[in-house]
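The values are calculated or read from the model by the stated rules, or taken from the named source; none is laboratory data. The model shown is predicted, which means the values in this text are computed figures rather than measured ones. Here the Cβ positions follow ideal geometry from the backbone for every residue, glycine too, while neighbour counts run over all protein chains shown. The accessibility values were calculated without ligands, DNA or RNA, using every heavy atom of the protein model including side chains. Shrake-Rupley method; radii C 1.70, N 1.55, O 1.52, S 1.80 Å.
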Amino acid sequence: MKFLDQAKIYVRSGDGGDGVIAFRREKYIEYGGPDGGDGGRGGDILFRAVPGLNTLIDFRYTQHFKARKGGNGAGSNRTGAAATNVTINVPVGTQIFDEDRETLLADLDAEGKEVLLCRGGDGGLGNTHFKSSTNRAPRRADKGWPGEERWVWLRLKLIADIGLVGLPNAGKSTLLSVASRARPKIADYPFTTLHPQLGVVRLNNTEEFVIADIPGLIEGASEGAGLGDRFLGHVERCATLLHLIDGTESQVVKHWRLIRKELEAYDPELAAKPEIIVLNKCDSLTPTQRSAKKRALAKASGAEVMMLSGATQEGLPELLRLLQDRVTAAKRNSQG
């Protein structure tokens, strides 16, 4: 399945049914009077966040959603049938924006969350409502009220506990593949990952977390260079950022600062999230190189630097335990 995290769709709720003009005509009832029924309510347009979806690809092929009109009224004061609502299922984490792509209409960030976006029109009144002492046989009935229509943008922000960031070829996909059951494409050239990958890391029967591998950033990504910063939206909801750095590069501090700069340019709040720095591919380094690069990164960042080899899995158990503890603490704080 292809990954699609943005889509533009058209939605329209149903018009209300029309009221009718009708009169009682039973054989033995004199002066029957008006008995025209009201129209039924038009269908609503609702959005619901459901599990099991992780892309908006369905909206590439279906872009128009319209609810039906309510039924017209009938004689004997019968109200028209209300139209069925149209419920659009979207992945958890979907945001709904107005056509200007800036006005946030709804944020479906929890499973089962539902929002009414376009309300169906009310049914028109039948002529029964217009009977009075001076107008015993009204010949007026109202049309149903129109529904609402609009173009909206859907934007998906994946719900993950840990956001994996770094330059291309830092080893993010390899880490995801050895830490979870995710199977991203892996190769020795930049931009192997062209869309975000999600993996569930399960330490035991009671502890697990979700990690998102975001396509590699390069200098100028916040201005659209390379793949740009479009995918950074998927780590905005993460509790912690895991910053992976290729230990075989000569200027590891420069690479760390480059990514930090792009995060700041995209969103200062994202850059302010807790960060775990990991020096990857340490199996290719001598003990002296390990010590020097780790010390340089720690001095520049002011944070602890962990060593890892995605290929040999050296340091992997310790890293996963730290990530799980961070996720558990973040969830506890959010609930408390």
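One table, with the values for the structure above:
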item	result
The range 40-54: number of residues that are in a loop (DSSP other than H, G, I, E, B) and open to solvent by 10 Å² or more (accessible area, probe 1.4 Å)	6
Pair list, Cβ < 6 Å and 6+ apart or interchain, from the range 47-60 residues that are farther than 8 Å from VAL90 by Cα and touching a residue at least 60 places away in the same chain (Cβ under 8 Å) to residues that are in a loop (DSSP other than H, G, I, E, B) and open to solvent by less than 70 Å² (accessible area, probe 1.4 Å)	THR55/PHE3; THR55/LEU4
Condition check for ASP107: acidic (Asp, Glu), over 30 Å from VAL20 (Cβ atoms) and at pLDDT 90 or above	yes
In the range 250-284, the residues that are more than 16 Å from ILE214 (Cβ to Cβ), open to solvent by 20 Å² or more (accessible area, probe 1.4 Å), touching a residue at least 12 places away in the same chain (Cβ under 8 Å) and not in a helix (DSSP H, G or I)	PRO274, LYS281
Elements of type strands (runs of 3 or more DSSP E) contained in the range 62-180, each with 2 or more residues being open to solvent by 50 Å² or more (accessible area, probe 1.4 Å)	64-66, 86-91, 104-108, 114-118, 149-156
Exclusive hit being free of Cβ contacts under 8 Å to residues at least 60 places away in the same chain, farther than 16 Å from GLU149 by Cβ and out of contact with any strand residue (DSSP E or B) (no Cβ under 7 Å at 6 or more places or on another chain), set ARG78, ARG101, ARG68, ARG41	ARG78
Selection status of ARG326, touching a residue at least 60 places away in the same chain (Cβ under 8 Å), part of a loop (DSSP other than H, G, I, E, B) and surrounded by 13 or more Cβ atoms within 10 Å (Cβ to Cβ)	no
